[in-house]
1. Mind telling me which of the residues 73, 124, 69 ends up being under 27 Å from residue 23 (Cα atoms) and free of Cβ contacts under 8 Å to residues at least 40 places away in the same chain?
2. Restricting segment 99-127 to residues that are within 14 Å of residue 51 (Cβ to Cβ) and modelled with pLDDT of 90 or more, which is nearest to the chain's Cα centre (by Cα)?
3. Output yes when any residue across segment 36-55 is over 24 Å from residue 100 (Cα atoms) and either at pLDDT below 95 or under 10 Å from the mean Cα position of the chain (by Cα) (or both), and no when none is.
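The values are calculated or read from the model by the stated rules, or taken from the named source; none is laboratory data. Just so we're clear, the structure is a prediction, and the values are computed from it rather than from any experiment. We place every Cβ from the backbone using ideal geometry, glycine too, and count neighbours over all the protein chains shown.
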């Protein structure tokens with residue numbers, strides 16, 4: 001069961017990376033437009049879910065940090081921590097419109113802070129998306145071999 005959840009986590013990480021770079025994908029493979037058009041309406045909800053998965057993974061990693069370092073898996077712990085942080089940032093980028101509509105819109109100051117943050121993060125969306133895909137594949141290969 002734990003192995004299944006780990007693979008599910010990696011699949012969600014890779015999918016979040018793919019959702020973060022649709023323009024890059026379409027520039028390389030225009031035939032993917034139909035598939036991306038089907039997924040884009042759910043991008044906001046997927047982003048919110050990714051935020052919670054990333055937060056849960058950070059809590060899980062912090063509670064088990066001692067085990068990772070005791071048994072010599074400190075490098076894997078750092079990679080998993082980086083992936084969780086990337087998931088939270090990508091989740092915020094993908095789900096910002098939804099978060100803005102339901103949470104931030106009630107407070108103008110929060111809404112302004114959110115828009116300011118999203119403006120700073122948007123230039124890094126493609127880099128974070130590619131990093132999510134690469135880290136997902138790397139962690140998958142590390143688990144298999």
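1. 124
2. Ranking the qualifying residues of segment 99-127, first place goes to 121.
3. No, segment 36-55 has no match at all.
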